[in-house]
Amino acid sequence: MTDKKTSQRENSLFFKFIIKLRYEEIASDLGTSRVVVSRILKDLKNDGKLKLYRRYIQFL
């Protein structure tokens, strides 16, 4: 029972931390280039801080 509640909580949190922006949009908002955003997101992915999907970013 606890595992089910934990899973539901994790799923609800999952949707709260999704960003559906293109790298170009993130870069423009931050005043940097797409390449810089790509490198930073790749580093965060390798550190286990987020997951990158084709159409969104999930922060962990």
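We did not get these values from a lab; they are worked out from the coordinates using the rules stated. Everything numeric here is computed off the predicted structure, so don't read it as measured data. Ideal geometry is used to build each Cβ from the backbone, glycine not excepted, and the neighbour counts take in all protein chains shown.
Could you pull out every residue, at least 5 positions away or on a different chain, whose amide H is within less than 5 Å of the one on residue 50? Hs are placed 1.01 Å off N in the peptide plane, and Pro or chain starts have none.
45, 60
From the phi angles alone, apply the Karplus equation (6.51, -1.76, 1.60; θ = phi - 60°) to the stretch 30-39 and give each ³J(HN,Hα) in whole Hz, x where the residue is Gly or Pro.
8, x, 9, 9, 4, 4, 5, 4, 4, 5
Pop out the ³J(HN,Hα) list for the stretch 45-60 in order, Karplus 6.51 cos²θ - 1.76 cosθ + 1.60 with θ = phi - 60°, rounded to Hz; leave Gly and Pro as x.
5, 5, 7, x, 8, 7, 10, 9, 10, 4, 10, 7, 10, 10, 7, 9
Just in the stretch 23-60: which chymotrypsin sites (Phe, Trp or Tyr not before Pro) are loop by DSSP and have at most 14 other Cβ atoms within 10 Å?
Taking the stretch 23-60 and a limit of 14 other Cβ atoms within 10 Å, the loop chymotrypsin sites (Phe, Trp or Tyr not before Pro) found are 53, 56.
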